[in-house]
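The values are calculated or read from the model by the stated rules, or taken from the named source; none is laboratory data. Please read all numbers here as calculations on a predicted model, not as lab measurements. Cβ: placed from backbone, ideal geometry, glycine included. Neighbour counts: every protein chain shown.
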Amino acid sequence: MNYCARCLYPENAKPYIIFDDQGVCSGCRVAEAYDQVDWPQRERLLRETLQGYQSRARDAHAHYDCIIPVSGGKDSHYQVHLIKNVYGLNPLLVTYNHLFNAPLGLRNLENLFQRMSCDLVRFSSGPETVRKISKHMLKQVGDPTWHYHAGILTVPIQMAVRFNIPLIIWAENNFSNLVGTFNPQDMVEFSRKHRKDFGLRGVEADELIGPDSGLEWSDIGPFLYPDDDDIERVGVRGIYLSNFIRWNEHEQALAMHRTYDFQPSATTRERTFNRYAKLDDLHANGVHDYLKYLKFGYGRATDDASTHIRAGLMTREQGIELVRKHDHARPSDLETWLDFVDMSESEFFASIDALRDPQIWDRAPDGQWIATDSVANHIDGPAVTDARLPLKPNANYDFPRGRYAMSDPRWLLEYDGYKYL
Ligand SMILES: [Zn+2]
């Protein structure tokens, strides 16, 4: 397996990654390209765009200027902070309740609602429907969280049509930014195709219906994209803030903690060192990330460490140590999730067999699966030396102790003895 000489991604990274002659991946090259953007010009463009939609809403005596899809996490806080408190729009917040809520996630959603004082629509799917979809999509594509993505990528569009609100403001185009699908010059916007390809794993909701899944037409309401005629009539348009504002999730998380009391995880997490992202889910996200490892041989620590390496916050060697610690970890709550979907452990692992990437997994004669490679086998070499980025002057990750200094924004990541200040 080839691994990027700068970050930690393997060549089978999803959805699609390419390597250049220097052995550096498309995600790293696109991250470099973001450094070249004229950000003041982009910010002016954002301001003009928002003002245009706000004038239009006022002329139409509309209640809302835009929709912001939210989960309640750090990005949600930052989106609403910018749109309401910096640019002065009146957004309608829309959230999709995937039913696997963690107390901290619910607390942060409530915090967002109270602190920002916006109107909020929360759409919940029925538990039996979620159970059926989770089980079916685990077997089909190895992802029990399909409904998370389908819900949050569809319900806001339905609300845009229902309430006649053309502008939807998303945070970061992170599905494609990790692997560098689009350049910053593309100014890519939300689209139905983009949603299906990157968010829904190529599966639209009506394809779920049938005897295998036990799902019926009445189950898939929140996941059906509005008709083209309705989209056109309202003029629905989805923009990503990361095309207009220099995105720095580490600093944004800290700023949202300090300003609005967004809370990161107080405890060490099993499958990543990152304490401030993906906090809303109690069980299925761990299973989702573990499945990525079982299918492709890498997990969330690879995603998070690669982002940090590209930002000059961590060396590649430090990232590899974190990947060794976290990527293969079996979630301790796997049984809880299996109970919810009514599936045995052997059924769970058997359902993954056909989805394991043969580029990375071999099966021993005794039936055990063995990962044939890892980024830990590709620590150094001339390409790694050539591709190395300088660390930022304030990158003071205290690696042996697994924490940052308290004076550093990144203390939100791994800090043993974390306490709320
Ligand atoms: Zn890379």
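Identify, please: which residue in segment 109-139 is of a type in the set (Gly, Ala, Ser) and surrounded by 21 or more Cβ atoms within 10 Å (Cβ to Cβ) and is, among those, nearest to the chain's Cα centre (by Cα)?
To start, the set of residues in segment 109-139 that are of a type in the set (Gly, Ala, Ser) comprises 117, 124-126, 134.
With surrounded by 21 or more Cβ atoms within 10 Å (Cβ to Cβ) added as a condition, the list becomes 125, 134.
Numbers: 125: 21, 134: 18 Å.
Among them, the one singled out is 134.
Just to confirm my filter: which helices (runs of 4 or more DSSP H) fall fully inside segment 105-173 and include at least 2 residues that are closer than 16 Å to residue 213 by Cβ?
127-141, 146-152
Taking residue 103 and the conditions (1) exposed (fewer than 14 other Cβ atoms within 10 Å of the Cβ); (2) at pLDDT 95 or above; (3) more than 21 Å from residue 247 (Cα to Cα), which numbered condition does it fall short on, given that it satisfies the others?
Only one criterion is unmet by residue 103, namely (2).
Which condition does residue 274 not pass, out of (1) in the same structural domain as residue 46 (by TED's automatic domain parsing); (2) at pLDDT below 95, if it passes all the others?
Single failed check for residue 274: (1).
Check 269, 324, 300 and return the single one that is under 15 Å from the mean Cα position of the chain (by Cα) and either outside the structural domain of residue 139 (by TED's automatic domain parsing) or not aliphatic (A, V, I, L, M) (or both).
300
Conditions tested, residue by residue: (1) under 20 Å from residue 165 (Cβ atoms); (2) small (Gly, Ala, Ser); (3) in the same structural domain as residue 221 (by TED's automatic domain parsing).
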position	(1), (2), (3)
60	yes, yes, yes
85	yes, no, yes
96	yes, no, yes
117	yes, yes, yes
120	yes, no, yes
147	no, no, yes
155	yes, no, yes
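Which of the residues spanning segment 192-220 are of a type in the set (Gly, Ala, Ser) and either farther than 26 Å from residue 171 by Cα or modelled with pLDDT of 95 or more (or both)?
Those that are of a type in the set (Gly, Ala, Ser) and either farther than 26 Å from residue 171 by Cα or modelled with pLDDT of 95 or more (or both): 205, 210, 213, 214, 218.
Is segment 211-231 home to any residue that is in the same structural domain as residue 73 (by TED's automatic domain parsing) and touching a Pro at 6+ places or on another chain (Cβ under 7 Å)?
no
Go through segment 1-86 and tell me which helices (runs of 4 or more DSSP H), entirely inside it, have 3 or more residues that are away from the ligand (no atom under 16 Å from the Cβ) and in contact with a Phe, Trp or Tyr (Cβ under 6 Å, 6 or more places away or on another chain).
In segment 1-86, the matching helices (runs of 4 or more DSSP H) lie at 39-59.
Among the helices (runs of 4 or more DSSP H) lying completely within segment 262-374, list those that include at least 2 residues that are surrounded by fewer than 21 Cβ atoms within 10 Å (Cβ to Cβ), at negative phi and in contact with a helix residue (DSSP H, G or I) (Cβ under 7 Å, 6 or more places away or on another chain). I'd like the intermediate steps shown before the answer.
On the way: elements: 284-296, 300-310, 316-326, 334-341, 345-353.
Counting at least 2 such residues, we get 316-326, 334-341, 345-353.
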